[in-house]
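Step one of this worksheet: look at the structure below.
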Amino acid sequence: MKNKDRKRSDESLREVMKNLTEAAANIKKVSVQGMIEAAILVRKDMEKTAPKTPVDTGNLRHSFFITTVLGTDGKGNFKGKNSSEMKSNHEQVTGEAHAIVKAHRNPTLIMGYSANYALWVHENITAQFSGRTKKPTGRPGSGAKWFEYAIQRNSALMLKTMAKEMKI
């Protein structure tokens with residue numbers, strides 16, 4: 001192979017590799033966007049379909065977050081006497097989640113709740129969901145397993161949403 005031909009071949013190879021790298025980056029970005037859209041579907045469903053997210057002060061709902069390599073959605077607007085502790089915990093949990101998704105080679109999303117009592121509320125099927133009054137929350141339709149059931153109800157729609165985003 002002549003030097004001139006080799007040079008053209010090397011340039012062509014570099015161009016192909018550059019295009020492949022750009023396409024791979026675009027696929028990752030698009031797939032992350034699809035996962036975010038799917039997570040948003042779940043969040044909306046938890047607010048409208050029973051069992052809904054239980055509400056006492058609203059801090060549990062405000063502790064919900066979605067984290068990808070693009071960042072974290074969920075500010076944690078807490079109120080009440082333990083709001084500063086909840087905000088600190090939220091920042092720690094979302095920071096750890098962001099570190100985990102950044103460490104993954106493949107597109108990754110973590111969604112959940114940063115409130116330290118979220119797991120207890122989610123799993124306690126006998127609770128009435130009001131720690132202060134022992135009465136059911138004023139929110140009709142709220143109850144245990146709201147997160148799990150929302151994911152189950154929406155799994156097919158989530159996959160469809162992600163697949164739609166992947167069509168470039």
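The values are calculated or read from the model by the stated rules, or taken from the named source; none is laboratory data. For clarity, every value in this text was computed on a predicted model and none was experimentally measured. Glycine also receives a Cβ, built like all others from the backbone with ideal geometry; neighbour counts cover every protein chain displayed.
For residues in region 93-112 being of a type in the set (S, T, N, Q) and in contact with a Ser or Thr (Cβ under 8 Å, 6 or more places away or on another chain), which is surrounded by the fewest Cβ atoms within 10 Å (Cβ to Cβ)?
Among those residues, the one meeting the criterion is Thr108.
When you look at Gly143, is it over 22 Å from Ile66 (Cβ atoms) and at pLDDT below 80, yes or no? Full working, then the answer.
Values: over 22 Å from Ile66 (Cβ atoms): yes; at pLDDT below 80: no.
No.
For region 44-67, indicate whether the set of residues that are of a type in the set (Gly, Ala, Ser), modelled with pLDDT of 95 or more and part of a loop (DSSP other than H, G, I, E, B) is non-empty. Even if it seems obvious, please write down each step before you answer.
Filtering region 44-67 down to residues of a type in the set (Gly, Ala, Ser) leaves 50, 58, 63.
Checking which are modelled with pLDDT of 95 or more leaves us with 63.
Now drop any that are not part of a loop (DSSP other than H, G, I, E, B), which leaves 63.
Yes, region 44-67 has at least one match.
Specify which of the listed residues (Asn26, Asn3) is under 30 Å from Ala156 (Cβ atoms) and modelled with pLDDT under 95.
On inspection, the qualifying residue turns out to be Asn26.
Looking at region 70-90 only, could you name the residues that are farther than 26 Å from Tyr149 by Cα and either part of a loop (DSSP other than H, G, I, E, B) or in contact (Cβ under 8 Å) with a residue 40 or more places away in the chain (or both)?
Leu70, Lys79, Gly80, Lys81, Asn82
Select from region 59-98 the residues that are over 14 Å from the mean Cα position of the chain (by Cα) and aliphatic (A, V, I, L, M) and write down the one among them that is nearest to Met166 (Cα to Cα).
That would be Leu60.
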